[in-house]
Amino acid sequence: MNTQNNAHDVYVAGLRNAHAMEKQALSIMEPQVSRLTHYPDLSQRLQSHISETEEQINRLDLILERLDESSSVIKDMMTSASGSMAAMGHAAASDEVLKNTMANLAFENFEIAAYLSLLTAARLAGDTASIQPLEQSLEEERRMAAWVEEHVPAVTETFISLKSAGETAKR
């Protein structure tokens, strides 16, 4: 098997993994949005990123379809379930918003790495038509990671301020 065939196989597997990863991202972010009463900026940015994530899934679907491939229903279901379980685990914590913010930053950086790998595999597999949509998704993930990183101090300050005032600070 030559390099381009190997690259194609790795690329298709990566596309399926990215599709499942984005489904997982939705299952993590969607429950958070309704639980951010005291964090309107974070809620609004998460809602915006949910829309971006839905578009990223659409882009991945189009790439897979063009390659005459499909996403993995099993991977999608498994990662969505694990994302939902993580969200439920954090919901029980007294510092839910802090845990979610840290986890969101980590997940955004994971997604950045996944798209960097996909872009490399796409080039090696010769799929130049997918470079632009994958770069668009990468840029969206970079913007979200930068936004979360920039807002960790503000979320932490708000959490501590609310907790000090005796208010429910976790959401």
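The values are calculated or read from the model by the stated rules, or taken from the named source; none is laboratory data. These numbers come from a predicted model, not from an experiment. Virtual Cβ from ideal backbone geometry, glycine too; neighbours counted across all protein chains shown.
See the values below:
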item	result
Residue count for region 120-149, restricted to those that are over 17 Å from the mean Cα position of the chain (by Cα) and either among the basic types (Lys, Arg) or in a helix (DSSP H, G or I) (or both)	11
Check on Arg45, touching a residue at least 60 places away in the same chain (Cβ under 8 Å) and either touching a Lys or Arg at 6+ places or on another chain (Cβ under 6 Å) or surrounded by 15 or more Cβ atoms within 10 Å (Cβ to Cβ) (or both)	yes
Wholly enclosed helices (runs of 4 or more DSSP H) of region 1-99 bearing at least 3 residues modelled with pLDDT under 95 and of a type in the set (Val, Ile, Thr)	3-33, 73-91
Top-ranked residue in region 130-171 [being aliphatic (A, V, I, L, M) and more than 18 Å from Met102 (Cβ to Cβ); ranked as surrounded by the most Cβ atoms within 10 Å (Cβ to Cβ)]	Leu134
Cβ pairs under 7 Å, 6+ apart, first in region 155-170 and farther than 19 Å from Ser34 by Cα and aliphatic (A, V, I, L, M), second at pLDDT 90 or above and not in a helix (DSSP H, G or I)	none
Pick from region 50-73, criterion in contact with a helix residue (DSSP H, G or I) (Cβ under 6 Å, 6 or more places away or on another chain) and charged (D, E, K, R), ranking: farthest from Arg16 (Cα to Cα)	Glu52
Residue within region 60-69 that is farther than 14 Å from Ser130 by Cα and either within 17 Å of the chain's Cα centre (by Cα) or small (Gly, Ala, Ser) (or both) present	no
Index of the failed condition, Tyr115 passing every other in (1) touching an Asp or Glu at 6+ places or on another chain (Cβ under 7 Å); (2) more than 18 Å from Leu64 (Cα to Cα); (3) surrounded by 21 or more Cβ atoms within 10 Å (Cβ to Cβ)	(2)
